[in-house]
Amino acid sequence: MTHMTPEEFRRYGREVVDWIADYYERVESLPVLSRSRPGDTRMALPAHPPETAEPFEDLMRDLDRVIVPGLTHWQHPSFFGFFPANASGPAILGDLLASGLGVQGMLWTTSPAATELETHVLDWFCELLDLPGRFASSGPGGGVIQHSASDAALVAVLAALHRVSGGATEHAGVAAGRYAVYTSGQTHSSVEKACRVAGLGSDALRKIEVDPSTQAARPQHLAALLAADRAAGITPALVVASVGATGTGAVDPVADLARLAHEHGAWLHVDAAWAGVAAVAPELRWLNDGLELADSYCTNPHKWLLTNFDCDVFYVADRAPLIGALSILPEYLRNAASDAGAVIDYRDWHVPLGRRFRALKLWAVIRWYGAEGLREHIRRSVALTQRFAGWVASDDRFEIVAPHPLALVTFRLRAGDDATRALMDAVNATGRMYLTHTTVDGAPALRMSIGATLTEERHVRAAWELLAATAG
Ligand code: PLP
């Protein structure tokens with residue numbers, strides 16, 4: 001057995017970095033959506049693992065031969081599906097450094113710099129978005145990097161249950177029908193999944209009706225749901241407001257939902273996974289309206305803010321219920337710094353014990369682009385989206401079905417549902433662009449989500465020309 005020597009690592013490392021740089025240079029020439037059929041990738045792989053060591057060159061060859069054809073190219077400038085999953089040079093290199101260091105930051109003592117950089121960068125991020133001061137680490141609150149917005153939703157559920165039950169749920173569990181969670185039908189499915197994982201079950205989730213013109217949650221309906229549960233002896237535990245819901249980008253009235261939640265002793269979590277980062281631009285800070293009343297908040301630099309997956313920033317106004325819900329201290333994790341209460345141990349802020357040094361990539365992104373560069377990226381995406389929306393609005397065959405103040409346009413063909421679906425399938429089949437769909441008021445709608453790292457006006461214009469020519 002031989003490990004890769006530092007000399008070999010240097011050589012192959014350079015090859016890998018070159019490969020990635022070449023990939024970015026050629027990604028535009030690849031079909032955005034993979035043309036792979038089910039089983040194609042596995043069929044190209046040997047049935048059994050190698051008995052003897054193989055040269056690294058063979059792996060690189062198979063990367064091109066087997067893996068690339070099975071990829072949908074999320075970094076393609078004509079990727080307009082779902083929400084963007086931005087990668088960028090500094091983030092990739094920051095992630096590589098984190099891999100190279102290979103430290104676990106579960107406790108402050110297991111790598112003090114990993115914890116302290118994370119706390120510091122999340123305070124920077126709070127400032128960059130102009131989030132309420134109660135989320136900064138200087139007070140009872142603070143931020144942590146979660147794997148994803150889904151994990152953020154899960155820990156929000158757990159912290160809410162801890163607070164509303166006075167700490168009872170950690171020991172007694174969550175009896176069916178005892179607690180309820182509220183969110184709109186537009187909210188991402190991760191909230192329902194969090195209810196399942198937490199043991200509340202999907203039945204504990206109440207769907208707040210939305211206003212048809214904005215797709216935002218109706219506070220009056222939340223008030224009615226809360227009152228009905230109270231009357232039935234069910235305890236409201238959590239309300240989740242969306243700022244930039246997945247389907248149409250809807251923005252809930254956070255302050256109204258928060259006031260209602262608090263009247264009933266429930267926690268208010270804000271899921272701003274996609275849209276929240278846009279608050280780097282001062283003119284978009286209306287996205288933060290009502291956050292001063294939120295108990296927790298998350299947004300994903302790994303979507304629209306140039307930071308490779310995984311990087312969800314999650315803030316709490318008060319860290320005590322979160323830590324109360326998640327902290328278990330076995331003897332083997334005891335240490336003087338933790339016992340003295342002088343440090344943050346992020347293992348108590350999420351589900352896993354071990355944690356990667358993810359703050360490095362966010363640090364690298366913030367330092368490389370500066371606040372100015374981050375604002376420019378967001379503003380460029382928003383401007384391109386408004387241009388695209390203008391083209392759609394000026395074509396009678398199309399209709400826009402939801403407000404589009406940021407970087408998502410939802411639209412359909414007036415010719416009907418089948419024509420709308422057929423248009424999506426046809427343009428995606430060309431390999432020249434990729435967009436996805438949702439349902440608005442029961443009918444399919446296409447989602448043009450603009451904000452990939454490499455997208456320029458010419459890509460958006462070409463996408464519109466293809467859509468317009470294919471619509472017939
Ligand atoms: N919340 C919203 C509003 C989303 O759009 C998404 C994903 O698109 C999620 C949550 C889940 O994100 P993650 O992949 O970080 O769990």
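The values are calculated or read from the model by the stated rules, or taken from the named source; none is laboratory data. This is a predicted model, so every value here is computed, not measured. Here Cβ is always computed from backbone atoms with ideal geometry, including for glycine, and neighbour counts include all displayed protein chains. Side chains are part of the model used for accessible areas, which takes the heavy atoms of the whole protein and leaves out ligands, DNA and RNA. Shrake-Rupley method; radii C 1.70, N 1.55, O 1.52, S 1.80 Å.
Just a few scattered comments:
- Region 2-54, residues that are of a type in the set (A, V, I, L, M), touching a residue at least 12 places away in the same chain (Cβ under 8 Å) and either surrounded by fewer than 10 Cβ atoms within 10 Å (Cβ to Cβ) or in contact with a Phe, Trp or Tyr (Cβ under 8 Å, 6 or more places away or on another chain) (or both): M4, V32, L33, A53
- Taking region 186-204 as the range and being more than 15 Å from the ligand (Cβ to nearest atom) and either assigned to a strand (DSSP E or B) or open to solvent by 50 Å² or more (accessible area, probe 1.4 Å) (or both) as the test, only D203 passes.
- The residue that is surrounded by the most Cβ atoms within 10 Å (Cβ to Cβ), counting only those in region 253-283 that are within 16 Å of the ligand (Cβ to nearest atom), in a helix (DSSP H, G or I) and more than 16 Å from the chain's Cα centre (by Cα), is L257.
- Condition check for L71: out of contact with any strand residue (DSSP E or B) (no Cβ under 7 Å at 6 or more places or on another chain), over 30 Å from V382 (Cα atoms) and surrounded by 13 or more Cβ atoms within 10 Å (Cβ to Cβ): no
- Residue within region 311-318 that is acidic (D, E), closer than 24 Å to F357 by Cα, outside any loop (DSSP other than H, G, I, E, B) and touching a strand residue (DSSP E or B) at 6+ places or on another chain (Cβ under 9 Å) present: yes
- Subset tally (residues that are more than 9 Å from V243 (Cβ to Cβ) and in contact with a Leu (Cβ under 9 Å, 6 or more places away or on another chain)) for region 259-273: 10
- Set side by side, the residues L93, L122, L97 differ, and just one is within 19 Å of the chain's Cα centre (by Cα) and assigned to a helix (DSSP H, G or I), which is L122.
- Checking L128 against (1) modelled with pLDDT of 95 or more; (2) in a helix (DSSP H, G or I); (3) farther than 25 Å from H302 by Cα; (4) not basic (K, R), the condition it does not meet: (3)
- Answer residue from region 135-185, given it is surrounded by fewer than 24 Cβ atoms within 10 Å (Cβ to Cβ) and within 11 Å of the ligand (Cβ to nearest atom) and is farthest from the chain's Cα centre (by Cα) among those: L154
- Scope region 309-329; condition away from the ligand (no atom under 16 Å from the Cβ) and either farther than 30 Å from A85 by Cα or open to solvent by 20 Å² or more (accessible area, probe 1.4 Å) (or both); matching residues: D318, R319, A320, P321, I323, G324, A325, L326, S327, I328, L329
- The selection criterion, being open to solvent by 10 Å² or more (accessible area, probe 1.4 Å) and touching a Pro at 6+ places or on another chain (Cβ under 8 Å), does not hold for V365.
- Some residue of region 41-57 being under 30 Å from A463 (Cβ atoms) and either part of a loop (DSSP other than H, G, I, E, B) or not small (G, A, S) (or both): yes
- Scan of region 427-472 for residues that are part of a loop (DSSP other than H, G, I, E, B), farther than 18 Å from R397 by Cα and open to solvent by 30 Å² or more (accessible area, probe 1.4 Å), ordered by number: T430, R432, D441, G442, T453, L454, E456
- Some residue of region 65-83 being outside any loop (DSSP other than H, G, I, E, B) and within 16 Å of the ligand (Cβ to nearest atom): yes
- Close contacts from region 212-223, counting a first residue that is farther than 14 Å from V254 by Cα and open to solvent by less than 10 Å² (accessible area, probe 1.4 Å) and a second that is in a strand (DSSP E or B) and among the polar types (S, T, N, Q), with Cβ to Cβ under 8 Å and a gap of 6+ residues or different chains, come to none at all.
- Flag for V155 being more than 21 Å from V254 (Cα to Cα) and touching a helix residue (DSSP H, G or I) at 6+ places or on another chain (Cβ under 8 Å): no
- Some residue of region 165-180 being modelled with pLDDT of 95 or more and closer than 25 Å to N288 by Cα: no
- Qualifying residue in region 286-293 (condition: crowded, with 18+ Cβ neighbours inside 10 Å, in a loop (DSSP other than H, G, I, E, B), more than 16 Å from the ligand (Cβ to nearest atom) and on the phi < 0 side of the Ramachandran plot): no
- Residues that are closer than 17 Å to L466 by Cα, polar (S, T, N, Q) and either open to solvent by 10 Å² or more (accessible area, probe 1.4 Å) or outside any helix (DSSP H, G or I) (or both), drawn from region 368-408: S394
- Of residues in region 224-252 being under 21 Å from E263 (Cα atoms) and in a loop (DSSP other than H, G, I, E, B), the one nearest to the ligand (Cβ to nearest atom): D252
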